[in-house]
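Student: This structure is in structure tokens; I'll ask about it shortly.
The values are calculated or read from the model by the stated rules, or taken from the named source; none is laboratory data. Since the model is a prediction, treat every value here as computed from it, not as a measurement. Neighbour counts are summed over all protein chains in view; Cβ atoms, including those assigned to glycine, are modelled from backbone coordinates with ideal geometry.
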Amino acid sequence: MSGTLYVVATPIGNLQDITPRAAATFGSVDFIAAEDTRVTLKLLNYLGIKKPLISYFEHNAAERGALVLQRIMAGENCAVCSDAGMPCISDPGEALVREAHALGIPVVPVPAASAAATALAVSGQSTGRWCFEGFLPVNRNQRREHLDAVKNEVRTMIFYEAPHKLNNTLADLCTVFGEQRSVTICRELTKLHEEIRKTTLGEAKSYYAENSPRGEFCLVVAGGEPVSGDAPQMTLEGALAKAQQLMKGGLSPSAACKQAAREAGFAKGDVYDAYLAARVSEEQE
């Protein structure tokens, strides 16, 4: 009988935000798959818990993911966590959860803080309908292509950004959405130097051009005005073709399927499953 994969949220900054259930889960599992074992070790030391740790991050996900799943199938219980917030969102843990479901492994969420939801709640932007865009590509052409794909988005958009990329991202956001678009800049949420600034993209660009960005940022960008007229609907085959085109342009399969799904109105998983099926078909020919 297999064990269980627990998807455990960790504090986004303030260690006091750890939930009793998350602490209890870390204490009960056989091992922990962590994005950065050094970060998770600090949290475990804070909780007074000692558990075996295995690193699981973007560049070793294929190899370590298989190892984690093998151990769970053998009967061990595992908690997967990221450095901060809810794991498996804009995170390699996404693939681990998908494979766990395919193998019939029970997946149990242990939720708590999420930087996206936290930023949205205090942003002052519309919260009725929103979408999570995560981190934008580092390559400028790919970043602009991504933003062009959502330039007509009417929902509130949430982006994550690192300090060394913030100025370039704000410049591109201004170009695509216009300098008057409302944005709330959330910096270092729940930490000592927490800052929440509701402004415009143009003002934000000017401010951080003169004040060096520090800390981790979450940008909550207001949606645009609805565009009249209905766009022609893309088929799943068309979405797959779009994803394959984006892969040729340098995007990873996951990022390409996500962007194509968004443009076509499909769930990312549907386009990714079509991509995997197409690969299997090609290999069998």
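Student: Criterion first (within 22 Å of K165 (Cβ to Cβ), of a type in the set (D, E) and in contact (Cβ under 8 Å) with a residue 60 or more places away in the chain) does E145 satisfy it?
Tutor: Yes; evaluated as a whole, the condition is true for this residue.
Student: A further question follows. Determine which member of the set R143, R155 is basic (K, R), closer than 24 Å to S206 by Cβ and surrounded by 14 or more Cβ atoms within 10 Å (Cβ to Cβ).
Tutor: R143
Student: Picking from S126, S182, which residue would you name as being of a type in the set (G, A, S), touching a Ser or Thr at 6+ places or on another chain (Cβ under 9 Å), under 24 Å from E263 (Cα atoms) and modelled with pLDDT of 95 or more?
Tutor: S182
Student: Select from region 63-91 the residues that are in contact with a Phe, Trp or Tyr (Cβ under 8 Å, 6 or more places away or on another chain) and in a helix (DSSP H, G or I) and write down the one among them that is surrounded by the most Cβ atoms within 10 Å (Cβ to Cβ).
Tutor: Among those residues, the one meeting the criterion is V68.
Student: Of a type in the set (D, E, K, R), under 19 Å from E145 (Cβ atoms), loosely packed, with under 14 Cβ neighbours inside 10 Å and at pLDDT below 95: does that describe K248?
Tutor: Taking the combined requirement at face value, the residue satisfies it.
Student: Can you confirm whether region 109-118 contains a residue that is surrounded by 19 or more Cβ atoms within 10 Å (Cβ to Cβ), under 29 Å from F217 (Cα atoms) and more than 16 Å from the chain's Cα centre (by Cα)?
Tutor: Within region 109-118 (the criterion being surrounded by 19 or more Cβ atoms within 10 Å (Cβ to Cβ), under 29 Å from F217 (Cα atoms) and more than 16 Å from the chain's Cα centre (by Cα)), the answer is yes, since at least one residue qualifies.
Student: Right, another one. Is it the case that some residue within region 182-192 is among the charged types (D, E, K, R) and either touching a strand residue (DSSP E or B) at 6+ places or on another chain (Cβ under 7 Å) or in a strand (DSSP E or B) (or both)?
Tutor: So far as region 182-192 goes, yes, one or more of its residues are among the charged types (D, E, K, R) and either touching a strand residue (DSSP E or B) at 6+ places or on another chain (Cβ under 7 Å) or in a strand (DSSP E or B) (or both).
Student: Six or more apart or on different chains, Cβ atoms under 9 Å: show the pairs whose first residue is in region 183-195 and among the basic types (K, R) and whose second is crowded, with 22+ Cβ neighbours inside 10 Å.
Tutor: Between residues of region 183-195 that are among the basic types (K, R) and residues that are crowded, with 22+ Cβ neighbours inside 10 Å, the close pairs are R187/F217; R187/C218; K191/I12.
Student: Can you name every one of the helices (runs of 4 or more DSSP H) wholly within region 92-176 that holds 1 or more residues which are touching a Cys at 6+ places or on another chain (Cβ under 8 Å)?
Tutor: Helices (runs of 4 or more DSSP H) meeting the threshold: 93-102, 115-122.
Student: When you go through E195, E188, E210 one by one, which is the residue that is out of contact with any Cys (no Cβ under 7 Å at 6 or more places or on another chain), buried (at least 16 other Cβ atoms within 10 Å of the Cβ) and either polar (S, T, N, Q) or more than 20 Å from H146 (Cα to Cα) (or both)?
Tutor: E188
Student: Now for a separate question. What residue, of G65, G75, G134, G104, is touching a Leu at 6+ places or on another chain (Cβ under 8 Å) and in contact (Cβ under 8 Å) with a residue 12 or more places away in the chain?
Tutor: Every option except G65 fails the conditions.
Student: Say we look at region 225-245 and pick out the residues that are at pLDDT 85 or above and hydrophobic (A, V, I, L, M, F, W, C); which of these is nearest to E145 (Cα to Cα)?
Tutor: A243
Student: How about region 31-54: which of its residues are surrounded by fewer than 16 Cβ atoms within 10 Å (Cβ to Cβ) and either among the small types (G, A, S) or within 19 Å of P109 (Cβ to Cβ) (or both)?
Tutor: Within region 31-54, just G48 meets the criteria.
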